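The values are calculated or read from the model by the stated rules, or taken from the named source; none is laboratory data. Note that the coordinates shown come from a computational prediction; the quantities given were computed from them, not determined experimentally. Cβ: placed from backbone, ideal geometry, glycine included. Neighbour counts: every protein chain shown.
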Amino acid sequence: MLELDRKNFEAEVLESKGYTFVDFWSEACVPCKTLMPKVHELAEKYGDKIKFCSLDITKARRVAIGQQVLGLPTMLMYKDGEKIDTINAENATVENIEAMIKKYY
């Protein structure tokens, strides 16, 4: 998984071609840290066709706000730099995350 920050987010996500999955998280988010190992497993499983990235919002708060990430955990799917799908705190389960990834795989 590619670690994002405010310096590389635009180039790696918004200017990227193809599908990009971004996991927005923070150290203070217990559900984020619970899901993280499973998200990394999904990255290994589907990483041949989808770019997987993670962004610690405590290091890039303005980026998160700019992407309308209002709560954690949030996972966004982008295609050619455009946001096309969202998983947020209300539906952040491993099953829902994998289902979203499979839609674009």
Original post:
Is there any pair with a first residue in segment 59-72 that is under 10 Å from Phe9 (Cβ atoms) and a second that is modelled with pLDDT under 95 and outside any helix (DSSP H, G or I) whose Cβ atoms are under 9 Å apart and which are 6 or more apart or on different chains, and what are they?
Top reply: Ala64/Leu70
**OP:** Please work out which residue is farthest from Tyr104 (Cα to Cα), limiting yourself to segment 1-43 and to residues that are of a type in the set (Asp, Glu) and touching a residue at least 24 places away in the same chain (Cβ under 8 Å).
**Re:** Glu27
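Hey, among Lys83, Lys45, which residue is farther than 21 Å from Asn8 by Cβ and among the charged types (D, E, K, R)?
Lys45
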Original post:
Mind checking whether some residue in segment 56-68 is touching a strand residue (DSSP E or B) at 6+ places or on another chain (Cβ under 6 Å) and closer than 21 Å to Lys102 by Cα?
Top reply: no
